[in-house]
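Q: Dropping a structure here in structure tokens format, bear with me for questions.
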Amino acid sequence: MDTLHDYLEKHKDRFLEELLDLLRIPSISADSAYKADVLKAAEFVADKLKAAGADNVEVCPTDGHPIVYGEKLIDHNLPTVLVYGHYDVQPPDPLNLWDSPPFEPVIKKTDLHPEGAIYARGACDDKGQMYMHVKAFEMMMATGNLTCNVKFMLEGEEEVGSEHLGVFIKANKEKLSSDVVLISDTAMLANDTPSIDVGLRGLSYMEVEVTGPNRDLHSGVYGGAVANPANILAKMIASLQDENNRITIPGFYDDVDELSQEERAKMAEAPFDLEAYKADLDINAVWGEEGYSTMERASIRPTLDVNGIWSGYIGEGAKTVLPSKAYAKISMRLVPHQDSHKISALFQKHFESIAPDCVKVKVTSHHGGEPVVTPIDSAPFIAASNAMEKTFGKKPIPTRGGGSIPIVALFESVLGLKSVLFGFGLDSDNLHSPNEKYGLFNYYKGIETIPYFFKYYAEEM
Ligand code: BES
Ligand code: MN
Ligand code: MN
């Protein structure tokens, strides 16, 4: 029988080819035109799980996109790891900003990825990272190194809020009973600086509609005398942050968990190069809440951002018009112990209260999620840390992630399970953005590292 190392060396190219095949399926969960492709991606993953030796593999239908389940239960005295990931992806637009088509993966070398990176929508978030677990499982099975029971639960709705996965876990508590959830859907600091996220932000996502006159008007005939909802909306949004870039919604910070000076000092030890950060984004200066570092602003502090804004004429040339309506999609990232329902309600009340009499506003709430922190003094975290130390030659730094994976809070509240955020991506991998990529180094390093998590976790338990 091969060792894990030899097996990986022998099957490296196939592991990559399979991922490229998966990346060719446009499993865009947000767009109903791709429903069949989302199902195709689910079936692809289910087939590979089966081929690797998983039992009871199913593509479980839901009222939305399906959930792929599979398991290998080897001994009830051993701990059980629930692997979660998602095979759906974000829409690829704007398409014109991609250097190569989003669903035709290509491999190119870059400064950050001298071994080459796979360019495709979902390469990092999350097909590439999710598929590392399928291949690591294949390796453990084929080499006699599976040391824990394992259950896979891979969903197709993460990028649209995981609504039906929430229903699924509530209905399948027994089937999903495990000791810990293992997730690769986050980033590390750098390829030579491994880290493990120990927290994720929550999310409140709002949409606002501001209505002025009952129809679009000639901006010369009426302009200056009738409120322009686009102007008003811009003022209202601008007022949501003060001169220190603090959010002005009354009560917004009430429940925010303020970190101690000690915790903040610890965080500041993580390497961070502000000049490289600015250069990468082509900005002259960073921006954010007074009194906090860039790292803190992007992880332990709550935020408010416009994700989309539209109104009036946006076609070619100039049309003189005073629009009837203006819209914006506004998200707030939340930190422990803020509650997304409470924050959404505070936003709605405040936004309605600041609207001048000359307009009407309508505020609606989209899906949200709660923030989480995961323990660092637990057996699974220590196993993950030791696994990364083994394969990177360096102890990973605990970090707080800025993104959100709403289902993680439900794993805790519904299943009573803590998660390990075992991410191998980089923040610069262009998640949700054109030219998303995932380093070959990262893909193979993940596949190499995951079996050590299983080994160390079984030894500790
Ligand atoms: N994998 C990301 C979340 C993430 C990215 C966490 C990087 C930490 C670092 C996930 O797929 C995602 O994009 N989540 C959404 C929320 C969801 C409700 C659409 C997000 O964070 O915007
Ligand atoms: Mn993801
Ligand atoms: Mn995502």
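Q: Considering 196, 107, which residue is assigned to a strand (DSSP E or B) and under 27 Å from residue 367 (Cα atoms)?
A: Testing whether each residue is assigned to a strand (DSSP E or B) and under 27 Å from residue 367 (Cα atoms) leaves just 196.
Q: List pairs: first in the range 170-194 and modelled with pLDDT of 95 or more, second of a type in the set (S, T, N, Q) and away from ligand 2 (no atom under 16 Å from the Cβ), Cβ under 6 Å, 6+ apart or cross-chain?
A: Cβ pairs passing all conditions: 178/80; 179/80; 188/195; 189/195.
Q: Can you list residue pairs whose Cβ atoms sit under 8 Å apart, with the first residue in the range 361-377 being more than 20 Å from residue 417 (Cα to Cα) and open to solvent by less than 50 Å² (accessible area, probe 1.4 Å) and the second being away from ligand 3 (no atom under 16 Å from the Cβ) and part of a loop (DSSP other than H, G, I, E, B)? Count only pairs 6 or more apart in sequence or on different chains.
A: As it stands, the answer is 361/355, since those pairs meet every condition given.
Q: Any idea which of (1) at pLDDT 95 or above; (2) within 16 Å of ligand 1 (Cβ to nearest atom) is the one residue 345 doesn't satisfy?
A: The number of the failed condition is (2).
Q: For residue 352, which of the numbered conditions (1) over 19 Å from the mean Cα position of the chain (by Cα); (2) not assigned by TED's automatic domain parsing to the domain that holds residue 84; (3) not in a helix (DSSP H, G or I) fails to hold?
A: All conditions are met except number (3).
Q: Which residues, counting only those in the range 101-111, are more than 21 Å from the chain's Cα centre (by Cα) and either aliphatic (A, V, I, L, M) or open to solvent by less than 50 Å² (accessible area, probe 1.4 Å) (or both)?
A: 106, 107, 110
Q: Restricting attention to the range 45-77, report how many residues are over 16 Å from residue 153 (Cβ atoms) and open to solvent by less than 40 Å² (accessible area, probe 1.4 Å).
A: 1
Q: If you don't mind, there's one more thing I want to ask. Which condition number does residue 381 fail, the rest of (1) away from ligand 3 (no atom under 16 Å from the Cβ); (2) in contact with a helix residue (DSSP H, G or I) (Cβ under 7 Å, 6 or more places away or on another chain) being met?
A: Going through the list (1) away from ligand 3 (no atom under 16 Å from the Cβ); (2) in contact with a helix residue (DSSP H, G or I) (Cβ under 7 Å, 6 or more places away or on another chain), residue 381 breaks only (2).
Q: Ok, one more. Looking at the range 409-447, which of its residues are within 22 Å of residue 202 (Cβ to Cβ), within 15 Å of ligand 2 (Cβ to nearest atom) and of a type in the set (Asp, Glu)?
A: 427
Q: Which pairs have Cβ atoms under 8 Å, sit 6 or more apart or on different chains, and link a residue in the range 142-169 that is part of a helix (DSSP H, G or I) to one that is of a type in the set (A, V, I, L, M, F, W, C) and at pLDDT below 95?
A: Partner pairs satisfying both residue conditions: 142/1.
Q: Listed residues 409, 328; which is within 16 Å of the chain's Cα centre (by Cα) and buried (at least 18 other Cβ atoms within 10 Å of the Cβ)?
A: Of the residues listed, the single one that is within 16 Å of the chain's Cα centre (by Cα) and buried (at least 18 other Cβ atoms within 10 Å of the Cβ) is 409.
Q: Looking at the structure I just gave you, is residue 85 at pLDDT 95 or above, within 17 Å of residue 140 (Cα to Cα) and crowded, with 22+ Cβ neighbours inside 10 Å?
A: The answer is no for residue 85.
Q: I would also like to ask the following. Any idea which of 240, 203, 165 is over 30 Å from residue 452 (Cα atoms), within 16 Å of ligand 3 (Cβ to nearest atom) and touching a helix residue (DSSP H, G or I) at 6+ places or on another chain (Cβ under 9 Å)?
A: Working: 240 fails: within 16 Å of ligand 3 (Cβ to nearest atom); 165 fails: over 30 Å from residue 452 (Cα atoms).
That would be 203, the only listed residue that is over 30 Å from residue 452 (Cα atoms), within 16 Å of ligand 3 (Cβ to nearest atom) and touching a helix residue (DSSP H, G or I) at 6+ places or on another chain (Cβ under 9 Å).
Q: Just the residues that are surrounded by 12 or more Cβ atoms within 10 Å (Cβ to Cβ) and of a type in the set (Val, Ile, Thr), please, taken from the range 273-293.
A: 286
Q: Check whether at least one residue in the range 251-272 is in contact with a helix residue (DSSP H, G or I) (Cβ under 8 Å, 6 or more places away or on another chain), in the same structural domain as residue 340 (by TED's automatic domain parsing), open to solvent by less than 40 Å² (accessible area, probe 1.4 Å) and closer than 23 Å to residue 348 by Cβ, and report yes or no.
A: yes
Q: Looking only at the range 294-311, count how many residues are in contact with a helix residue (DSSP H, G or I) (Cβ under 9 Å, 6 or more places away or on another chain) and buried (at least 18 other Cβ atoms within 10 Å of the Cβ).
A: 8
Q: Let me ask you something else. List every residue pair whose Cβ atoms sit under 6 Å apart, with the two residues 6 or more apart in sequence or on different chains, where the first one lies in the range 84-104 and is assigned by TED's automatic domain parsing to the domain that holds residue 165 and closer than 24 Å to residue 184 by Cβ and the second, anywhere, is open to solvent by 40 Å² or more (accessible area, probe 1.4 Å) and basic (Lys, Arg).
A: From the range 84-104, the pairs are 103/24.
Q: From the set of residues in the range 11-44 that are small (Gly, Ala, Ser) and in a helix (DSSP H, G or I), which is surrounded by the most Cβ atoms within 10 Å (Cβ to Cβ)? Break it down stepwise before answering.
A: Here is the first cut: in the range 11-44, the ones small (Gly, Ala, Ser) are 27, 29-30, 32-33, 36, 41-42.
Checking which are in a helix (DSSP H, G or I) leaves us with 32-33, 36, 41-42.
Working: 32: 8, 33: 8, 36: 11, 41: 30, 42: 24.
This residue is 41.
Q: If the requirement is being polar (S, T, N, Q), open to solvent by 10 Å² or more (accessible area, probe 1.4 Å) and away from ligand 3 (no atom under 16 Å from the Cβ), which of these qualifies: 449, 399?
A: Going through 449, 399 in turn, the sole match is 399.
Q: Please go through the range 212-230 and give me each residue that is of a type in the set (S, T, N, Q) and surrounded by 17 or more Cβ atoms within 10 Å (Cβ to Cβ), ordered by number.
A: Across the range 212-230, the qualifying residues are 219, 228.
Q: If I ask for residues that are among the aromatic types (Phe, Trp, Tyr), more than 22 Å from residue 142 (Cα to Cα) and either open to solvent by 10 Å² or more (accessible area, probe 1.4 Å) or more than 13 Å from the chain's Cα centre (by Cα) (or both), which ones from the range 423-446 would you list?
A: Filtering the range 423-446 down to residues among the aromatic types (Phe, Trp, Tyr) leaves 424, 438, 441, 443-444.
Those still in the list that are more than 22 Å from residue 142 (Cα to Cα) too: 424, 438, 441.
Listed by number, the residues that qualify are 438, 441.
Q: Right, another one. So how many residues does the range 355-381 have that are over 20 Å from the mean Cα position of the chain (by Cα) and part of a loop (DSSP other than H, G, I, E, B)?
A: 8
The values are calculated or read from the model by the stated rules, or taken from the named source; none is laboratory data. All figures in this text were calculated on a predicted structure; none of them were measured in a lab. When we count neighbours, we look across all protein chains shown, and the Cβ atoms used for this are built from the backbone with ideal geometry, even at glycine. Accessible surface is based on the protein model in full, side chains and every heavy atom, while ligands, DNA and RNA are left aside. Shrake-Rupley method; radii C 1.70, N 1.55, O 1.52, S 1.80 Å.
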